[in-house]
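The values are calculated or read from the model by the stated rules, or taken from the named source; none is laboratory data. In this text the structure is predicted, and so the values were computed from the model without any measurement. All Cβ positions, glycine included, derive from the backbone under ideal geometry; neighbour counts span all protein chains shown. SASA here: full protein model, heavy atoms, side chains in, ligands and nucleic acids out. Shrake-Rupley method; radii C 1.70, N 1.55, O 1.52, S 1.80 Å.
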Amino acid sequence: MNNHLIDIAQIVAVSEVNGPGKRAVIWVQGCHKRCPGCWNQDYLKFSSVWQLTAQNLFDTVKRMTADFMDIEGITFSGGEPFAQAEAVADAAVLFKENNLTIMSYSGYTLAEIQRNDKGQSKLLAVLDILVDGEYVKEQHCDRLWRSSLNQKVHFLSDHYKSFEDSINADVREFEVVLSANETRMTGFPKDELIPKI
Ligand code: SF4
């Protein structure tokens, strides 16, 4: 494991709308894309305001979740987790070694990730689920864990294969996260609740 720093945007200890079961969600900071309609605008600019090593990130989430008692897995979102793939992979391996499942979103497709070998394969290897593809406003949908029809859910291990049959059901869930500094929606809220950009 190296000591690369991960640029973090936000961490939520327990969410039930960003993947299967109860999961801690880590939003990384920075994405090269600018998909029209992306509602994580604050997380697109690369910045080093909050940086953690893989070990620091692991320890932080462990502390936030009472030694992982509250969760079954970790979801990486963003921003673009694969823009910091090597460092994110180091953290993902630590979580996996503690029997947590790993899911990640990416604005790139699985095929694009597989073509690019700058640490991406290392992150891919540890994932149970990848939700791939950028948000396309014209293909907006209410499918489980994603919000445009081009986005696909890839089950990269057997752990969540039982979800395969229900993955195209229409489900729209969101949570409101309250913290000392902000109120933020996560998940997939209705259009009228999304701030217009
Ligand atoms: S890839 Fe995702 S985070 Fe990046 S701009 Fe597109 S929707 Fe937003």
> Cα to Cα, under 16 Å, and not fewer than 8 places away if on the same chain: which lysines meet these conditions relative to Lys45?
Replying inline: Lys33
>> Run lengths n ≥ 4 of DSSP H only: what is the helix-derived mean residue ellipticity at 222 nm for the chain, with -39500 (n - 2.57) per run over all residues, to the nearest 500?
In response: -5500 deg cm²/dmol
> Taking the highest mean first, how do the peptides 60-69, 77-86, 162-171, 117-126 order by number of other beta carbon atoms within 10 angstrom per residue?
Replying inline: 77-86, 117-126, 60-69, 162-171
> Accessible area per residue of the chain at 1.4 Å probe, in Å²?
Replying inline: 50
>> What percentages make up the Cα-Cα pair-distance distribution of the stretch 9-100 when the bins are 10 Å wide from 0?
In response: 17, 50, 28, 4
> Which percent of the accessible heavy-atom area of the stretch 5-193 goes to carbon and sulfur, probe 1.4 angstrom?
Replying inline: 48
>> Using the alpha carbons of the stretch 1-48, what is the convex hull volume per residue in cubic angstrom, as a whole number?
In response: 119
> In terms of the ratio Rg/(2.2 N^0.38 Å) built on C-alpha atoms, what value belongs to the stretch 52-108?
Replying inline: 1.07
> Going by average Cβ neighbours within 10 Å, how do the peptides 19-26, 152-159 rank, with the highest at the top?
Replying inline: 19-26, 152-159
> Roughly how many debye, to the nearest 20, is the charge dipole of the stretch 29-165 about its Cα centre, given +1 on each Lys and Arg Cβ, -1 on each Asp and Glu Cβ, and no other charges?
Replying inline: 400
> How far, in nm, would the chain grow between Ala66 and His140 when pulled straight, counting 0.36 nm per residue and subtracting the alpha carbon separation?
Replying inline: 23.0 nm
> Given that compact globular proteins tend to follow 2.2 N^0.38 Å, what is the ratio of the alpha-carbon Rg of the chain to that value?
Replying inline: 0.95
